[in-house]
Amino acid sequence: MNIFIGFVVLLFVVVSLGINSNVLSLNIVSAYGIIIETPFENNYQNNANNNSSDNDLLIFDYLSSLYTKEQKEKENKFVILMFDRGYQSIFSTAKPIMDKFGFKASIFIACDYIEKGNGMNWNQVRQLYNDGYDIQSHGLEHTRLTELKSENEIQSVISGGKECLQDNGFSPTAFQAPYNKGGEDPFIVDTIGNNFDFAFTGHSELMFLNCDGWENFGYDEENYHGTTDCRPYFSDGNPTPTNKFAMKEWSHDRAHDDINNEMNQDPHGIDVSYSLYLEFVRIVNSQTKFNEPGKINAIPIVGYHEVSKDDDIGTSPELFYLEMEYLYDNGFKVITIDDLGYDKYQERFYVKNVNTLGSEYSQLQDTTPTWTETIRTQTVGEGSEHSQLQDTNPTWFKPNTIQSLDIIE
């Protein structure tokens, strides 16, 4: 009798594992398989040519959740979104998409971009600030600090950028060096430190809050070698590669450029966008290898410039929407630079109010752009083997294209 019961239990476990395996493979759905070409009505910009066939854009739907609700609740997954320079598309295109999901971003303003060309105006920057966006400094002019010929010029770009924002009613605490260059120059680091609490002067896929990525985690030797905390200088006076004035961002545009060069296709076409999307998903999930419940060691800081197809390395509105939706669907807490604190005694960053951040994002705002309605209102019939994937599967959804995505190493 005991042998029979044991056999039944074993059979139940095997069948359950098989079912769960199938459900998992269905949940991890390829974005490539659910991309179509369809007219895109751009409601974010006043464009008289919206109905032109030249403005046909790719519409993306979302990937199903990679984790169950139970798994989401066990993980603290954070992302900081940042934009630099001050392009008009930040306000007209990116903001409505982020607002839909309740997300805010840190905007690093280069003052020479405002009120000029395709830059925002100061009223739009103030609107971002009033709506909870984080306004920081990208310098008085967007010029490489390492190419300036005098210390006075360096001082002008760094301190002048702060004064420019202060004159317009803002109080920046963080600085992003133009082109993220200058962290190896002691004078540049000193000047930044005299004006700001934190700064970005480099790139990496993850920012380690204790600046100890290589020494304690074996991560990114080039950008973290030798540092065990976030002090700006080694004992010999040389700047450390990662510190509170040399924070690291992952550049979405740089990744886009690499993929463009590798694939040599339409920079906003299906294949390039799909590859870039997968890279984004890999980056934001890579933190899970280094974080533990109640202990955050690393977070991704994702840097954008334009949300537009006007530039080969810009981010299309469709791809940006898909990425924001992915963060929302998978329980990421999107925070800003203002949500980071710094412990001067331990010389490390920390996330303020870690247990409550993100709770205000529990409901989507009712601002869904009309161009998504056509792909969200058609559902599969009841009883379909794939009906558990989404509540509103569009009729063009192709389950045969489902494939596994190895996005978490």
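For the stretch 157-209, name all the residues that are acidic (D, E) and either on the phi > 0 side of the Ramachandran plot or under 23 Å from the mean Cα position of the chain (by Cα) (or both).
D197, E205, listed by residue number.
Residues are listed down the side, and each one gets a yes or a no for (1) open to solvent by 20 Å² or more (accessible area, probe 1.4 Å); (2) touching a residue at least 24 places away in the same chain (Cβ under 8 Å); (3) under 20 Å from Y133 (Cα atoms):
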{"residue": "F280", "(1), (2), (3)": "no, yes, no"}
{"residue": "V284", "(1), (2), (3)": "no, yes, no"}
{"residue": "F290", "(1), (2), (3)": "yes, yes, no"}
{"residue": "P293", "(1), (2), (3)": "yes, yes, no"}
{"residue": "I301", "(1), (2), (3)": "no, yes, yes"}
{"residue": "T315", "(1), (2), (3)": "no, yes, yes"}
{"residue": "D329", "(1), (2), (3)": "yes, yes, no"}
{"residue": "K333", "(1), (2), (3)": "yes, yes, yes"}
{"residue": "K352", "(1), (2), (3)": "yes, no, yes"}
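Across the stretch 218-244, what is the total count of residues that are under 30 Å from D311 (Cβ atoms) and open to solvent by 20 Å² or more (accessible area, probe 1.4 Å)? Residues in the stretch 218-244 being under 30 Å from D311 (Cβ atoms) and open to solvent by 20 Å² or more (accessible area, probe 1.4 Å): 4 in total. Which condition number does E215 fail, the rest of (1) part of a loop (DSSP other than H, G, I, E, B); (2) without any contact (Cβ under 8 Å) to a residue 40 or more places away in the chain; (3) surrounded by fewer than 20 Cβ atoms within 10 Å (Cβ to Cβ) being met? Going through the list (1) part of a loop (DSSP other than H, G, I, E, B); (2) without any contact (Cβ under 8 Å) to a residue 40 or more places away in the chain; (3) surrounded by fewer than 20 Cβ atoms within 10 Å (Cβ to Cβ), E215 breaks only (1). Failed condition for P96, given (1) more than 16 Å from F170 (Cα to Cα); (2) buried (at least 23 other Cβ atoms within 10 Å of the Cβ), with all others met? Result: P96 fails condition (2) only.
Each residue in the stretch 117-164 was checked for being in a loop (DSSP other than H, G, I, E, B) and polar (S, T, N, Q), and 4 pass. Is at least one residue of the stretch 188-202 buried (at least 22 other Cβ atoms within 10 Å of the Cβ), farther than 18 Å from D338 by Cα and in contact (Cβ under 8 Å) with a residue 60 or more places away in the chain? Checked against the condition, which is being buried (at least 22 other Cβ atoms within 10 Å of the Cβ), farther than 18 Å from D338 by Cα and in contact (Cβ under 8 Å) with a residue 60 or more places away in the chain, the stretch 188-202 yields no hits at all.
The values are calculated or read from the model by the stated rules, or taken from the named source; none is laboratory data. Worth saying up front: this structure is predicted, and the values here are computed from it rather than measured. Don't worry about glycine lacking a Cβ; one is built from the backbone with ideal geometry, like all the others, and counts go over all protein chains shown. With ligands, DNA and RNA removed, areas are computed over all heavy atoms of the protein, side chains included. Shrake-Rupley method; radii C 1.70, N 1.55, O 1.52, S 1.80 Å.
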